[in-house]
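Here the structure is laid out as structure tokens; the discussion comes afterwards.
The values are calculated or read from the model by the stated rules, or taken from the named source; none is laboratory data. Keep in mind that what you see is a predicted model, and the values were worked out from it rather than measured. No Cβ is skipped: glycine too gets one built from the backbone with ideal geometry, and neighbour counts run over all protein chains shown. For the accessible areas, the whole protein counts, side chains as well, though only heavy atoms, and no ligand, DNA or RNA atoms are used. Shrake-Rupley method; radii C 1.70, N 1.55, O 1.52, S 1.80 Å.
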Amino acid sequence: MFDKNTYVKRRAELKRLVGEGLILLPGNNESPANYPANGYSPMRQDSTFLYYFGLHREGLVGVIDVDTDREVLLGDDIDIEDIVWMGFVPSVSELGELVGIRETMPMKRLKVLLQKALEQKRPIHFLPPYRHDTKIMLMDLLDIHPSEQKEKASLPLIKAVVKMRSKKEEQEIAAIEQACDVGYMMHTTAQRLIKPGVSERYIGGQVDGIARSMAQGVSFATIFTQHGEIMHGCPSDALLEEGRLALCDAGCELNDYCSDNTRTMPVSGKFTQKQLDIYRIVEECHDHVLQVAKPGVKYADVHFAVCRLMVERLKELGLMWGDTDEAVKAGAHAMFLPHGLGHMMGMDVHDMEGLGQIYVGFDDETRPNLEQFGTNCLRMGRRLQQGFVVTDEPGIYFIPHLIDLWHKERHCAEFLNFDKLETYKDFGGIRIEDDLLITDDGCRFLGSKRIPYHPDELEEFMAQA
């Protein structure tokens, strides 16, 4: 939680950007895991509510009247039953004072507040909901069926929130740096534990334990797998095997901000020459972003610069052939890189993705290509600005089913050496990912320590475990 003035200023700017009407910002409630009293812990507050109100308590709603400059925090004070089980919590009015809100109300007044605005035919702005209890609440309050709520969410409010949350304040950058430092501990813990015979689940659990003991928890479900070709491979009971690669994609939340890193390691502690050949391409692509990403450059252009470099290097290995620009234009590179170079990051690991990627990663100038395989998964394409935080995460994956399908269909056959691809079907995948801050004249990676990823230093680090 930042100082009171941070939230006062943010709400003032939000009112200026939205212009008119009533802004409705629900916080989150406890979420049951398998029965009502057994909730997921700790409760995860809605990020936009946090951005403007900074409060972690469940069962709160913020209402901002743009026309009258009125700000109201709604919620019910806890009773003795809650205190017995969960401990004392400040009253809603005391919570409001912490973030510069003078007016508070019990939750039953929310419907009355909104009904008056509806009768006056005033705009009521809300964001696309993602939790079912919030959808039901909006249906009760505004008589909008959940199937229609995403379509009827307020575009002025979405654009205002995206504009404000995209460019990170100095205190936000400091929070992300701290989360990245915990991320360093998570990933180096994994690197020290990797050896044949250890289970994926054990290492994944140790990584999660670092996040829970040094931060608020993980920023997304930890990926740790020997099947790096599976984008979201969860840890299984499989034991690590000599000669294979292990991919760890993990991050934490600390002080409401995220980290997100990926490293790929040789289980034996030493890369084979075949692994090293592919790894060095990903390493070069990852580092190339530092040279080209800066304010005013479209991140889509950075993505395709990486794709062209990747194609050039894959041609040198005999896995691709033909004209590089034509290969990228045809989407042949997506055989190896079926996702985008990166995404916005901040309070959410995929920052603001719930508001609609077309508004977060794109804008009126830069539009997504939803037709071409691979390119349709580009989450971030718009021009970079100072203060943006994006991930830099190139990868090369050998996905057996994709190889078989494209081979059968002869898809991009003029650019792909399918005979040689057959010999890589048991390879797995490699990804290297760091969090990138766009500065005044360029960019830099976040975090005070760099998780080992250059092959020599990585092998040396693992040897010391």
Residue identified as on the phi < 0 side of the Ramachandran plot, assigned to a strand (DSSP E or B) and open to solvent by 50 Å² or more (accessible area, probe 1.4 Å) among Asn29, Asn5, Asn34: Asn34
Residues within segment 153-168 that are more than 18 Å from the chain's Cα centre (by Cα) and among the charged types (D, E, K, R), tallied: 1
Residue among Glu172, Glu97, Glu151, Glu177 that is at pLDDT 95 or above, part of a helix (DSSP H, G or I) and surrounded by fewer than 13 Cβ atoms within 10 Å (Cβ to Cβ): Glu151
Extreme residue, farthest from Met345 (Cα to Cα), among residues of segment 227-257 that are among the hydrophobic types (A, V, I, L, M, F, W, C), assigned to a strand (DSSP E or B) and in contact with a strand residue (DSSP E or B) (Cβ under 8 Å, 6 or more places away or on another chain): Leu239
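Here is a yes/no grid of residues against (1) closer than 20 Å to Ile399 by Cα; (2) charged (D, E, K, R):
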residue	(1), (2)
Leu245	yes, no
Gln275	yes, no
Gln291	no, no
Pro295	no, no
Leu317	yes, no
Asp323	no, yes
Lys329	no, yes
His350	no, no
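Pick out, from segment 380-465, the helices (runs of 4 or more DSSP H) lying fully within it that include 1 or more residues that are farther than 26 Å from Arg244 by Cα.
Of the helices (runs of 4 or more DSSP H) lying wholly inside segment 380-465, those with at least 1 residues that are farther than 26 Å from Arg244 by Cα span 400-409.
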Test: residue in segment 185-194 that is part of a helix (DSSP H, G or I), under 19 Å from the mean Cα position of the chain (by Cα) and buried (at least 21 other Cβ atoms within 10 Å of the Cβ): yes
Residue among Glu284, Glu253 that alone is within 21 Å of Asp392 (Cα to Cα), without any contact (Cβ under 8 Å) to a residue 40 or more places away in the chain and touching a Lys or Arg at 6+ places or on another chain (Cβ under 9 Å): Glu284
Number of positions in segment 376-407 that are acidic (Asp, Glu) and free of Cβ contacts under 8 Å to residues at least 12 places away in the same chain: 1
Boolean, Gly205 is open to solvent by 10 Å² or more (accessible area, probe 1.4 Å), out of contact with any Pro (no Cβ under 6 Å at 6 or more places or on another chain), of a type outside the set (D, E, K, R) and part of a helix (DSSP H, G or I): yes
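Of all residues in segment 364-374, which are open to solvent by 50 Å² or more (accessible area, probe 1.4 Å) and not basic (Lys, Arg)? Walk me through it before giving the result.
Of the residues in segment 364-374, the ones open to solvent by 50 Å² or more (accessible area, probe 1.4 Å) are 364-365, 367, 369-371, 373.
Listed by number, the residues that qualify are Asp364, Glu365, Asn369, Leu370, Glu371, Phe373.
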Residue count for segment 48-78, restricted to those that are open to solvent by 30 Å² or more (accessible area, probe 1.4 Å), over 11 Å from Asn28 (Cα atoms), assigned to a loop (DSSP other than H, G, I, E, B) and not hydrophobic (A, V, I, L, M, F, W, C): 5
Among (1) open to solvent by less than 40 Å² (accessible area, probe 1.4 Å); (2) in contact (Cβ under 8 Å) with a residue 12 or more places away in the chain, the one test that Ala465 misses: (1)
Residue among Arg410, Arg382 that is open to solvent by 40 Å² or more (accessible area, probe 1.4 Å) and at pLDDT 95 or above: Arg410
Checking Ala221 against (1) open to solvent by less than 50 Å² (accessible area, probe 1.4 Å); (2) at pLDDT 95 or above; (3) small (Gly, Ala, Ser), the condition it does not meet: (1)
Residue within segment 344-359 that is out of contact with any strand residue (DSSP E or B) (no Cβ under 9 Å at 6 or more places or on another chain), open to solvent by 10 Å² or more (accessible area, probe 1.4 Å), aromatic (Phe, Trp, Tyr) and over 30 Å from Leu157 (Cα atoms) present: no
Residue under evaluation Gly62, criteria (1) touching a helix residue (DSSP H, G or I) at 6+ places or on another chain (Cβ under 8 Å); (2) touching a residue at least 60 places away in the same chain (Cβ under 8 Å), criterion not met: (2)
